[in-house]
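Please treat every number below as a calculation from the coordinates, not as lab data. These numbers come from a predicted model, not from an experiment. Glycine also receives a Cβ, built like all others from the backbone with ideal geometry; neighbour counts cover every protein chain displayed.
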Amino acid sequence: MALPSINPTTTKSWNALKAHFEDIKDVKMKDLFAKDSQRANKFTIKWEDFYVDFSKNRITEETFKYLLELADDVKLKAAIKSQFSGEIINETEGRAVLHTALRAPKDADFKVDGVNVMPEIYQVKQKIEGFTNEVVNGDRKGYTGKAFTDVVNIGIGGSDLGPAMVVDTLQYYKNHLTTHFVSNVDGDHVNEVIKKLDPETTLFVIVSKTFTTQETLSNANTLKAWFLESASEEAIAKHFVAVSTNIKNVKAFGIDENNIFPMWDWVGGRFSLWSAVGLTISLAVGYNNFDSLLKGANKMDEHFKNEDFDKNIPVVLALLSVWYNNFFGAESEAIIPYSQYLNQFATYLQQGIMESNGKSIDRNGNPIDYQTGTIIWGEPGTNSQHAFFQLIHQGTKLIPADFIGFVKSLHGNQDHQDKLTSNFLAQTEALLNGKTREEVVTEGTSESIIPFKIFEGNKPTNTIYINKLSPESLGKLIAMYEHKIFVQGIIWNIFSYDQFGVELGKQLASKILQEFNNTTNNQHDSSTLNLLNYYNQMS
């Protein structure tokens, strides 16, 4: 077995944490700060351009010791080695998990079935670079001889969320090409995108490993039909490219074999933006920026692989998450970036985290009787302060939050940056300290209103401070959360890299689709049957 399979609840450290939790569960963080002037320094990790302060958590040095012992008890170090050495850690699908190889240097050695995959990876990167430069420089043209102005990425899940998030986040670095993302099978979605396109100057990138995904092919065929209203079949070869493993189906679609970019089984969809799936990223921001994104991720890979656990950013964040999820009973985590550029970041992480660790069977095939996975949500500050922060501050739920901020703004407006940063820092302090009855009274509040203005405080946060948003720093940030996912999966003794849970609904949808044409009748519960009949009557 490639990974250790240890029920965490049977470990000495887990039971020590259970006993310790009873002692610490009501402790106030502000009292811990008052008692220890060095607390912030003890619980801060400085690494490259990252400054990670996790001192505003409901932990003591004893808590941290037990959490680190838990990482040892579940054999995390051996698991990390198994992942990076290309062992079959995605055992349910019989695959290695090597998205880390995609951003490794050329002289690295990542083996799959005994063969170093780095030459193949760099061959594809070279193809991405050449294709990108031709399109961006205007050397590669459409069927009427005009340079491309628009790129449409057609994919869903990992073939959409990652590239869409990165392109949106790095819009400051974008070139003249306008990018569009079509994912939802909702026909209104694709038709709204079509309104913005000129067939003579639009390049379509179809991303589908199997080239059979219903949503992606439906959208691709709709866009192809629209394109053919103006162009001939031969023109498809100039305007459509594919990222896929199914060369036969891609060629049948009309795409030139030279315009097919390969994918690999050892890269899961939600970790694939580093591969040719990131072609639209490269087109949008230029290959050099795409390469910087990969290099940043590789730096985080090396940090994760080599750093001691007490100074290892992904490990520490994962351990804290387990602490709240499994001992405090916190069910969700908020991701609050203080940058509008990261508007799609929480949405992107929802797939990465919830699809990976939303499992109820352990690596031995047994049902789990402890919590796994966390519900991820969030929006950028300061917008979110005027929306859901009320629940975090004064609600009944414990919601740990990651605050992500940047020291420098990209456009250099210091007045705005000062105001943004003041909110960034103030919110974690407010969540820590709350507001006492005495403080409310001092403000002259009337007696009847006093209870409503009291803040309990003691709300845990991590502060992830980065010098500046760049392709490299974004690569580090994404990889940080990828490794956090891995660590949590190891601790919870689950397989993080399959996603069988997304398939059942797809299978049933295929059956119901046939019934719209009255070609078959399937058994349904009465609710589904009524809804199906209503749709057939009204559509």
Lysines with Cα under 21 Å of LYS224, excluding same-chain neighbours fewer than 8 positions away: LYS141, LYS146, LYS195, LYS196, LYS209, LYS238, LYS248, LYS251
So the angle from the long Cα axis of helix 414-433 to the longest Cα principal axis of the chain, reported in degrees to the nearest 10, equals 50
DSSP loop GluC sites (Glu not before Pro) in the range 211-242 with at most 12 other Cβ atoms within 10 Å of their Cβ, which ones? GLU229
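Quick one: of LYS25/LYS453; LYS81/LYS174; LYS174/LYS295, which pairs are farther than 26 Å apart, Cα to Cα? Present the calculation step by step, with values, prior to reporting the outcome.
Values: LYS25/LYS453 24 Å; LYS81/LYS174 37 Å; LYS174/LYS295 18 Å.
Pairs exceeding 26 Å: LYS81/LYS174.
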What residue among TYR51, GLY142, SER384 has its Cα farthest toward the positive end of the dipole of the chain, where the charges are +1 on Lys, Arg and -1 on Asp, Glu, each on the Cβ? TYR51
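If each DSSP helix of 4+ residues adds -39,500 (n - 2.57) and the sum is divided by the residues in the chain, what number results at 222 nm, nearest 500 deg cm²/dmol? Mind showing how you got there, number by number?
Details: 21 runs with 234 residues, N = 539.
-13000 deg cm²/dmol, from helical runs alone.
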Let me know the charge dipole size of the range 127-242 about its Cα centre in debye, to the nearest 20, where only the beta-carbon of Lys, Arg (+1) and Asp, Glu (-1) is charged. 260
Please name whichever of ILE375, TRP266, THR245 sits farthest to the positive end of the charge dipole of the chain, dipole taken about the Cα centre and charges placed at Cβ: Lys and Arg +1, Asp and Glu -1. TRP266
Rounding to the nearest 10 and keeping the result within 0 to 90°, find how far the Cα-based axis of helix 214-228 lies from the longest principal axis of the chain. 40
Students often get this wrong, so try it: which of [x] 37, 26, 22; [y] 33, 29, 22; [z] 42, 27, 26 is semi-axes √(5λ) of the Cα gyration tensor in Å as calculated from the structure shown? [z]
Would you kindly state how much longer the chain becomes between GLU302 and THR245 on full extension, computed as 0.36 nm times their sequence separation minus their alpha carbon distance, in nm to one decimal? 17.6 nm
Once both axes come from the Cα atoms, what is the angle between helix 61-73 and the longest principal axis of the chain, in degrees from 0 to 90, rounded to 10? 40
Applying a 10 Å radius around every beta-carbon, put 193-199, 156-162 in order of their mean neighbour count, most first. 156-162, 193-199
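Among DSSP beta bridges lying fully in the chain, give the percent that are antiparallel, nearest 5.
Working: 14 of 43 bridges.
For the chain, the DSSP antiparallel bridge percentage is about 35.
Express in nm, to one decimal, how much length is gained between ALA19 and ASP369 on full extension, taking 0.36 nm for each residue of separation and deducting their alpha carbon distance. Write down the numbers at each step before the final one.
Values: separation 350, 0.36 × 350 = 126.00 nm, distance 1.85 nm.
Contour length minus Cα-Cα distance gives 124.1 nm.
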Using amide H atoms built 1.01 Å from N in the peptide plane, name the residues 5+ places from PHE240, or on other chains, whose amide H lies under 5 Å from its own. PHE204
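Are any of the pairs LYS111/LYS359; LYS75/LYS305; LYS305/LYS476; LYS419/LYS476 more than 18 Å apart by Cα-Cα distance, and if so, which?
Details: LYS111/LYS359 28 Å; LYS75/LYS305 14 Å; LYS305/LYS476 14 Å; LYS419/LYS476 26 Å.
Flagged as over cut-off: LYS111/LYS359; LYS419/LYS476.
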If each K or R counts +1 and each D or E counts -1, the residues other than SER13 whose Cβ falls under 11 Å of its Cβ total 0
